[in-house]
Structures are given as structure tokens and as C-alpha cells.
Amino acid sequence: MATDAATTQLGADLGLTRADLIEMYRLIAITRAIDERMWILNRAGKIPFVISGQGHEGAQVGLAYSLRKGHDWMVPYYRSVASLITFGMHPREIMIAQFAKGVDPSSGGRQMPGHYGVKDRNILSVSSPVTTQVLHATGIALAAKLRKTDQVAITYTGEGSSNQGDFFEALNFAGIHKLPVVFVVENNGYAISVPMSMQSSVPDIAMRGEGFGMPGVIVDGADVLDCYRTGKEAIDRARRGDGPTLIEAKVTRMTAHSSDDQQTKYRTAEDLQAGQERDPLPRFREELRQAGVLDEATEAKLLAESKVVVEDATDWAESQSDPDPATAQRHVYADAPPARMDDPFWQTERFIGDGGPTSRGGAS
Ligand SMILES: Cc1ncc(C[n+]2csc(CCOP(=O)(O)OP(=O)(O)O)c2C)c(N)n1
């Protein structure tokens, strides 16, 4: 019988043990359970907004699994829950961002739901304007290279967002300077309602890597172990000083874009069905069962555990206090401005110049 320390046939060529495989499955299953709970909480009127990663979890766990937690940098996007949990965010910390409570580590309840980040764990806050994070990761990688910290930055975006100028600027700079950064595009085929064919003149975003002097790799996002292999190769390459990689993970978006969207308005029943069939969770489960890694007892234990984790995260998050209104302006200005606009603070040249609220009265 296999033990946790023993390597099994499956994943052995990648240096993965049975314990690793089960841990990867656990991370995917827990993330899915949290995501499903978020939809219930939203429909029950308890949380205002959900943006879901269902269908992306296999790629996210596989790609992030070989990062060094607390050492490397993660620059996520709004669907990154599985990446974040793999990199050390606790389910409680994920759930509390939905409830916008005062002790929420992402923003103290200030950001939109789904804008995760933990400063002391090198997890940058999600940025609302899509693709800006790709530049942030590139800047972090430049700093890591200059300071010789041996750190790698990984960042994530969608294929629609990869058409923003920020994406091209970031890849160009990272390619020139051989920065330790991994760019992941999670291609689920849609940017809200816009299909891939209307977003890009080339069929694969990965093709763009070559134009910036870096490998562009396509990986099946439902193949967890291939994602692990691809992520590890890119992370190792970045750490060695050989430069960035662009990874395009072909994934499926199993839910609407967000809880405010209705995808039946723009996707056919066949397309939706095909999307469900590309779910990475049952595929990985079956792979592990076939390999003798996941037996019934382990599965039952994981299922029970994920229920406990979700209950605990929800109950804990819901029971925390709302942010103190007196702290509302914290982190907005270096010095908190007075609340009233007729206060002398606002009557300065800085705010009331000749040509408008921020003008200094001259050409800029
Ligand atoms: C600069 C900017 N433009 C538009 C939006 C609105 N917006 C939010 S998500 C999104 C779609 C992004 O699609 P994609 O990059 O394919 O990622 P997915 O949501 O499918 O994972 C858009 C247009 C935004 N947040 N920022």
C-alpha cells in the first residue's frame, strides 16, 4: 500500500509524491466548495457579488504548486482563488473579502469583493482595471532581479484582458530585461460575453510570446499534472535567470462571468454543456482513482474536511465586525483630509488653481 512519503507511478516523473497529489486534489476540491458556497450566499442576499473560478481551479493549482510560499510574489486577478489558496491564503481570508468586514486582510472591507491580497505574504491586491497587474508583476520582477533576491513573480489574467496595451508593454519590458516573471493567461474563451474569435486575430494568446522573446506555452487547464509541469518549468527558468514565460492555460468558465451576468443570453446550450464537460475536478479525481492514489476512505475524508472548512470560513467571516466608519479615509491620503469641503484645507492652490481642481495654473 502506498504511503504519503512514497512516490507513485503517477507524477513520479515530476517529483510529486502521493501526498502532493492528494494535496493538489484537496486544494481544488476546497476551492470549488468555497466557490459554490459564495453563490449560495449571494443568492441568499448575504454577499453582494461573486466572480467565480469554477473550471479554472485545475490550472491554477497545478501552475502555482511549485512556487515558494512567502518568498515568491503572486499578482492575482479576480478569478484566482485556487492560486491564492495554493500560495497560502486561508479560506477564512477568502470568505471574509466577500463580507467586507473590518479584519479582512485584503483591504479591510474597502475593495470590491474578490479583490484579494495579503501584504505580508507577497500577494498583491487585485487591481480593478484589468491587466494593470501584469505591469505590477513586471516591476516586482525587476526589483527582484536588481536586489538579487532569487524571487519569482507570477501573474494571471484572462485572454480578453491580454488585449490591453499594458499586457504588451509588460511582456516587452520583461523580455528585454529577462525578468523573473511568469505570465499566465487563463483562456476561458469569453471576456464577459465576447468570444475569443472577436478578441484576437490569432487563435492562441501563447503565440504572442515569441514576439517578445520568450517561450509561449499552451497547456490544457483541465490537465492538472501538465499544468504543474508547465508551471514548474517556467518558474525554474525564471529563477535561473533565463527570463519570462508566457503560459496560456485553456480553461472552461463553468459559471456566468459574475453573479450579475446571465450567460444563457449569449452562449448556446451546446456550448454550455461542452464547458461543463471540461471540468478539471472530476477529471483529476478519476486520474487519481485510476492510479490508485485516491481511495474511497481518502475521498470521504476530504469531502468531510471541505464541508468543515467552508462552514468554518463562512461562520467566522459573517460573525466579524464591519469596518469602523471612522477609518473610512485611511489609506486614501497620506494625511486624512477634513470631511467638509468648506474647510480651509481644500482652499489651497493644490485643489483650486486657475484651471481646475488640481491645476497649478500653468502648463503641465
Ligand atoms: C480596463 C478595464 N476595462 C474593462 C473592465 C471591465 N471588465 C471586467 S472583467 C472584464 C472581462 C475580462 O475578460 P477576460 O480577460 O477574458 O477574463 P475572464 O473574466 O474571462 O477570466 C471586463 C471587460 C475592467 N475591469 N477594466
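The values are calculated or read from the model by the stated rules, or taken from the named source; none is laboratory data. Since this is a predicted model, take the numbers as computed values, not measurements. Neighbour counts are summed over all protein chains in view; Cβ atoms, including those assigned to glycine, are modelled from backbone coordinates with ideal geometry.
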State the number of residues belonging to segment 190-224 that are under 26 Å from Ile28 (Cβ atoms) and surrounded by 21 or more Cβ atoms within 10 Å (Cβ to Cβ).
7
Would you check which residues across segment 139-175 are under 14 Å from Met74 (Cβ atoms) and among the polar types (S, T, N, Q) and list them?
Gln151, Thr155, Thr157
Taking first residues from segment 194-205 that are in the same structural domain as Glu248 (by TED's automatic domain parsing) and second residues anywhere that are surrounded by 13 or more Cβ atoms within 10 Å (Cβ to Cβ) and in a helix (DSSP H, G or I), the pairs with Cβ under 6 Å that are 6 or more apart or on different chains are Gln199/Asn163; Ile205/Ser162
Residues in segment 295-335 that are within 27 Å of the chain's Cα centre (by Cα) and within 23 Å of Ala59 (Cα to Cα): how many?
8
From (1) under 20 Å from the mean Cα position of the chain (by Cα); (2) at pLDDT 95 or above, pick out the condition that doesn't hold for Gly70.
(2)
More than 28 Å from Leu10 (Cβ to Cβ), charged (D, E, K, R) and assigned by TED's automatic domain parsing to the domain that holds Tyr78, is that true of Lys232?
no
Just the residues that are among the charged types (D, E, K, R) and within 16 Å of Arg237 (Cβ to Cβ), please, taken from segment 132-186.
Lys145, Asp150, Lys178
I need the full set of residues from segment 105-124 which are touching a strand residue (DSSP E or B) at 6+ places or on another chain (Cβ under 8 Å) and buried (at least 22 other Cβ atoms within 10 Å of the Cβ), in order please.
Ser106, Tyr116, Gly117, Ile123
Restricting to segment 125-171, and then to whatever is on the phi > 0 side of the Ramachandran plot and touching a residue at least 12 places away in the same chain (Cβ under 8 Å), can you tell me which residue is surrounded by the fewest Cβ atoms within 10 Å (Cβ to Cβ)?
Asp150
Limited to segment 62-87, what total is found for residues that are in a loop (DSSP other than H, G, I, E, B) and within 15 Å of the ligand (Cβ to nearest atom)?
5
Filtering segment 114-171 down to residues that are acidic (Asp, Glu), within 11 Å of the ligand (Cβ to nearest atom) and in a helix (DSSP H, G or I) yields Asp166
Among the residues of segment 177-206, write down those that are assigned to a strand (DSSP E or B) and more than 15 Å from the ligand (Cβ to nearest atom).
Val181, Val182
Going through Gly158, Gly209 one at a time, which residue ends up being within 26 Å of Ser125 (Cα to Cα), modelled with pLDDT of 95 or more and within 17 Å of the chain's Cα centre (by Cα)?
Gly158
Identity of the residue in segment 93-113, within 18 Å of Asn42 (Cβ to Cβ) and part of a helix (DSSP H, G or I), that ends up nearest to the chain's Cα centre (by Cα)
Ile94
Matching option when the condition is in contact (Cβ under 8 Å) with a residue 12 or more places away in the chain and either surrounded by fewer than 22 Cβ atoms within 10 Å (Cβ to Cβ) or assigned by TED's automatic domain parsing to the domain that holds Asp312 (or both), among Ala44, Ala97, Ala12
Ala97
